[in-house]
1. Say the dipole of the chain comes from +1 at the beta carbon of Lys and Arg and -1 at that of Asp and Glu; which of F125, L273, F61 then lies farthest toward its positive end?
2. How large is the charge dipole for segment 189-319, taken about the Cα centre, if only the Cβ atoms of Lys, Arg (+1) and Asp, Glu (-1) carry charge, to the nearest 20 debye?
3. With N set to the residue count of segment 10-187, report its C-alpha Rg divided by 2.2 N^0.38 Å to two decimal places.
4. What are the ³J(HN,Hα) values, in whole Hz, obtained from phi via the Karplus relation 6.51 cos²θ - 1.76 cosθ + 1.60 with θ = phi - 60°, for each residue of segment 36-53 in sequence order, with x given for Gly and Pro?
5. Please arrange L177, L106 by counting, for each residue, the other beta carbons lying within 10 Å of its beta carbon, fewest first.
6. Got a sec to turn the phi values of segment 185-193 into Karplus ³J(HN,Hα) couplings, 6.51 cos²θ - 1.76 cosθ + 1.60 with θ = phi - 60°, whole Hz, x for Gly and Pro?
7. Sorted by packing (mean other beta-carbon atoms within 10 Å per residue), highest first, where do 125-131, 236-242 land?
8. Got a sec? How would C271, C49 order by Cβ neighbour count within 10 Å, fewest to most?
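Every number in this text was worked out from the coordinates using simple rules, so none of it is lab data. Keep in mind it's a predicted model, so treat the numbers as computed, not measured. Note: ideal-geometry Cβ built from the backbone for every residue, glycine included; neighbour counts use all protein chains shown.
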Amino acid sequence: MIPNPMSDERQWPLWKRLYQYQKERFPLPGHGALVAAFSFSAVAYSRICRGVEGFIPWPVFLVGIFTTVTLFLLVRIFDEHKDAEDDARFRSHLPVPRGLVSLHELKWVGIGTVAVQVLLNAYFFPEMLLLYGVVLAYLCLMGKEFFIPEWLKKHQFWYVTSHMFIIPLIDIYASGLDWLLAGAEAPAGLLFFFAVSYMNGIVLEVGRKIRAPDNEAEGVLTYTHQLGTARAAWIWLVILLITCVLAVFAAGYAGYGTVAFAVLGVVFVVCSLPAWYFLRGFSPKSAKAIEYASALWTIAMYLSLGGIPMIQHLWRMYL
């Protein structure tokens, strides 16, 4: 009789099961790098807009990165709880429904994570606790689906737009590591940066749920199924264009000039190519390429608006 590997993994010690869980549902190398770029760019853009030399102290930044990365981990844990019924019905291969970890265990991981976040923020920069508390409160509302779960399930547009506010809220926290801890006013240009962050979240959300007709599956929410295959791709392109326009305004406020505008234009063209190929034949490969392009776009936006200009600035300062 062939042993069932899924039954064997349930006997693993907790640390090993949690390690496997993060590999499948929250891979730290990939997510950590993306959120680190996200946080670095938010701080960098704030400092550039304020005309301040250098970067924030690295211990402050590292604690901030830990907080932002683990806030996104909490988003994943909340999602596991609110999606548990659908996952058990349609996605039995996922870690929770197949028994790798339980919701009870993830709940305690979440509680422990919040405790560490609060302790670190209270010790290193208690001024940040208010912004942190706002993010956590909104996350709790998301976990409860704003107390209107059935209505949101029937109105996917409002579901997506309401949930995406968590991204600029975490962005506000990250940028606050600069302006709030410095006792300064937040620069007005951050509004453009936060808008780009919000739209980046929608780019990622729609991009990862575009499927070729042959890859649609029962119980798996996709925008191609809800909106129509071609229409979903066109909507993704429009969202990408809106985000690009907002990024141009953000770059203009920071004084980056025509080179930055050209870079944003090139990135837009490159990232939009998979959608054009998808519209030609609705192939699975081009659908997957849209998902990859969404991630590439998000990273490129953060690096273009804050990360790379700050790295250039630090390079000139210290070399």
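1. L273
2. My answer is approximately 180 debye.
3. Dividing the Cα Rg of segment 10-187 by 2.2 N^0.38 Å gives 1.12.
4. Listing the rounded values in order: 5, 5, 4, 5, 4, 5, 4, 5, 4, 4, 4, 5, 5, 5, 7, x, 9, 6 Hz.
5. Placing the least packed residue first, the sequence is L106, L177.
6. Calculated HN-Hα couplings, in order: 6, 5, x, 4, x, 4, 4, 5, 4 Hz.
7. In descending order of packing, they fall as 236-242, 125-131.
8. Least crowded to most crowded, the residues run C49, C271.
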